[in-house]
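Trainee: Once you've had a glance at the structure underneath, I'll fire off some questions.
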Amino acid sequence: MAVGPRLWFLGEVSTKIDRSFPVDAPPEKVGAAMRNPALIEESEKARDAISVRITDREKTDQRHQYEVLVVSPARTVKGIDKTKTEDNRTTVTWNLPGLSAKWSWTGVHGPKVKIEGGYELKPNGAGTSLRMYAEIDIGLPLVGGMIEKKIKEGFESAWPDYVARVSKYAKS
């Protein structure tokens, strides 16, 4: 089925975020830290997760794919509703030799909400340049752009704490 042109005036354009951060550890240690279930759970709980379950789907020398299932307070257009919960799932697929990953998030709001992104680790002297990026696409007329902006702000405020956590785990 063909889809018509996206209408910017209805808020139907995706929002992108792309930032790089220095980490004082080699790329291999940074990647291992980012795949560490303890770090994943700690990071999710720092963002209000009630419960976190990590399941490996594939783990080889070349690829590591896992799912992160999270129960968290419900998110609405008006904000967080702590009287209700919702489930969401992030599937992460690492290209281990390439020190990069892609992820996609799905939640209770269905196909109108598409959030995906990735990580790239590059040597930076004795440390690592950690690039994180995301694309947020909320397919709701009129309010989609506002919701995308709030989600983007959430990423922007959470990433520095996440990088600090990754650095801590990469050094231990």
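Read the figures in this text as sums done on the coordinates, not as results from a lab. Since the model is a prediction, treat every value here as computed from it, not as a measurement. Using ideal geometry, Cβ is built from the backbone for each residue, glycine included, and neighbour counts are taken over all protein chains shown.
Trainee: Which ³J(HN,Hα) values, rounded to whole Hz and listed in residue order, are derived for the range 134-146 from phi using the Karplus coefficients 6.51, -1.76 and 1.60 in 6.51 cos²θ - 1.76 cosθ + 1.60 with θ = phi - 60°, glycine and proline given as x?
Mentor: Working through the residues one at a time gives 8, 10, 10, 10, 9, x, 10, x, 6, 9, x, x, 5 Hz.
Trainee: Here's another thing I want to ask about it. Calculate one ³J(HN,Hα) per residue across the range 97-109 by plugging θ = phi - 60° into the Karplus curve 6.51 cos²θ - 1.76 cosθ + 1.60, and present them in order as whole Hz with x for glycine and proline.
Mentor: Rounded to whole hertz, the list is x, x, 6, 8, 8, 10, 9, 9, 10, 9, x, 5, 7.
Trainee: Here's a follow-up. Would you mind checking Lys45/Lys82; Lys122/Lys149; Lys102/Lys152; Lys78/Lys102; Lys16/Lys150; Lys29/Lys168 for any pair whose Cα atoms are more than 20 angstrom apart?
Mentor: Lys122/Lys149; Lys78/Lys102
Trainee: Additional query: Suppose the chain between Arg89 and Arg47 were pulled fully straight at 0.36 nm per residue; how much longer would it get relative to their current alpha carbon spacing?
Mentor: On the way: separation 42, 0.36 × 42 = 15.12 nm, distance 1.43 nm.
That pair, Arg89 and Arg47, stretches by 13.7 nm at full extension.
Trainee: I'd like the Karplus ³J(HN,Hα) series for the range 83-89: coefficients 6.51, -1.76, 1.60, θ = phi - 60°, whole numbers in Hz, and an x wherever there's a Gly or Pro.
Mentor: So the Karplus estimates, Gly and Pro as x, are 7, 10, 10, 8, 9, 9, 9 Hz.
Trainee: Report the net charge of residues surrounding Lys84, where surrounding means a beta-carbon distance below 15 angstrom and charges are Lys +1, Arg +1, Asp -1, Glu -1.
Mentor: Local charge sum for Lys84: -1.
Trainee: How high is the relative contact order of the chain? Use alpha-carbon pairs under 8 Å, at least six apart in sequence, and give a whole percent.
Mentor: On the way: 333 pairs, mean separation 52.3, N = 172.
It comes to 30 percent, rounded to a whole number.
Trainee: Mind running the shape call on the range 115-172? Use the C-alpha gyration tensor, a ≥ b ≥ c as the square roots of the eigenvalues: rounded below 1.5 for a/c, prolate if a/b tops b/c, oblate otherwise. Display every interim value, and only then the final one.
Mentor: Numbers: a/c = 4.03, a/b = 2.46, b/c = 1.64.
It is prolate, given that a/c is not under 1.5 and a/b is the larger ratio.
Trainee: Another question, then. Return His64, His109 ranked ascending by Cβ neighbour count within 10 Å, so the fewest neighbours appear first.
Mentor: Least to most surrounded, the residues fall as His109, His64.
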